[in-house]
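Some notes on the structure that comes next.
The values are calculated or read from the model by the stated rules, or taken from the named source; none is laboratory data. All figures in this text were calculated on a predicted structure; none of them were measured in a lab. In this analysis, Cβ positions are derived from the backbone assuming ideal geometry, glycine residues included, and neighbour counts consider all displayed protein chains. These accessible areas exclude ligands, DNA and RNA; they are computed on the full protein's heavy atoms, side chains included. Shrake-Rupley method; radii C 1.70, N 1.55, O 1.52, S 1.80 Å.
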Amino acid sequence: MDQPSRKRIYVERTLALIKPNAVDKAEEIENIILKAGFTILQKRKLQLSPEQCSDFYADQYGKLFFPSLTAFMSSGPIVALTLARDNAVIHWKSIIGPVNSVKARETHPECLRAKYGTSDLKNGLHGSATFSVAEREIKFMFPNSIIEPFPSKEATAEYLSRYVNPTLLQGLTHLCKHKPHNPCIWLADWLIKNNPNKVQICDGAIVEEVE
């Protein structure tokens, strides 16, 4: 009988901004975010200068609404949030809804922009458009954060094959031979003692394994 396939969950990050016209509802919005299954990894309240807004929205430069956008976003404090969950970018975009709050109230009345926004400019909330955009925007709002790339499926499989599976297989073999009363504790202790990356001491000299 075939084993049922396990659903893989890939945790993703996205940037959320609570804009100046909705910042007084920040606590309420954060509660909605948490109830939607997100984890808030980072949070800061700040006020951007017009120049900083121009840099953040650089991809919109040259459009007719650009001056109004940068003026509005620098008109008061905002709250920046790094959110995490599976498919974070898509989920957050679906929760905040269409860009134009007036139209959102007609087509997506339950979305956050319908509730907290007043127009296409003052729509209350921002969400990263794509995964790569999210990385750039998170780095912009949280410049000291380190965003490590997710390893590929192939790289993960190779790492497990080279560094994890051989030691684990050896430990499980010893476990079957010894048949301890508490197999989980026994295996944990064995793996700690036989960690191939651990510094070893031989005849008073410290020998560190080099890969």
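Restricting to DSSP loop positions (anything but H, G, I, E, B) with no more than 14 other Cβ atoms inside 10 Å of their own Cβ, which chymotrypsin sites (Phe, Trp or Tyr not before Pro) remain in the range 30-133?
Answer by residue number: Y61, F65.
Anything over 31 Å Cα to Cα? Flag those among K43/K115; K43/K193; K63/K103; K35/K193, in the order listed. Please report the intermediate quantities before stating the final value.
Numbers: K43/K115 22 Å; K43/K193 40 Å; K63/K103 21 Å; K35/K193 42 Å.
Result: K43/K193; K35/K193 exceed 31 Å.
Given charges of +1 on the Cβ of Lys and Arg and -1 on the Cβ of Asp and Glu, with all other atoms neutral, how large is the dipole of the range 28-121 about its Cα centre, in debye to the nearest 20?
The calculated dipole for the range 28-121 is roughly 200 debye.
Take every Cα pair under 8 Å in the range 77-116 that's 6+ residues apart, average their separations, divide by the length, and report that relative contact order as a whole percent.
30 percent
Just the ratio, please: alpha-carbon radius of gyration of the range 1-102 over 2.2 N^0.38 Å, N its number of residues. Walk me through the intermediate numbers first.
Values: Rg = 16.9 Å, N = 102, 2.2 N^0.38 = 12.8 Å.
Normalised Cα radius of gyration, the range 1-102: 1.33.
Report in % the part of the accessible area of the range 1-129 that belongs to carbon and sulfur, leaving out ligands and nucleic acids; probe 1.4 Å. It would help to have the intermediate numbers written out before the result.
Numbers: 3960 of 7560 Å².
Roughly 52 percent of what the probe reaches on the range 1-129 is carbon or sulfur.
Give me the 1.4 Å probe accessible area per residue for the range 21-76, excluding ligands and nucleic acids, in Å².
Each residue of the range 21-76 exposes 61 Å² on average to a 1.4 Å probe.
What is the extension gain from E27 to K103, computed as 0.36 nm multiplied by their sequence separation minus the C-alpha to C-alpha distance, in nm to one decimal?
Working: separation 76, 0.36 × 76 = 27.36 nm, distance 2.52 nm.
Stretched out fully, the E27 to K103 stretch lengthens by 24.8 nm.
Which trypsin sites (Lys or Arg not before Pro) in the range 60-120 pass both tests, a DSSP loop state and at most 12 other beta-carbon atoms within 10 Å?
K63
Relative contact order for the range 37-119: what is it in percent, counting Cα pairs under 8 Å that are at least 6 residues apart?
Answer for the range 37-119 is 30 percent.
Please identify every one of the GluC sites (Glu not before Pro) in the range 77-176 that sits in a loop by DSSP and has no more than 12 other beta carbons within 10 Å of its own beta carbon.
Values: sites: E106, E110, E135, E137, E154, E158; in loops: E110.
Taking the range 77-176 and a limit of 12 other Cβ atoms within 10 Å, the loop GluC sites (Glu not before Pro) found are E110.
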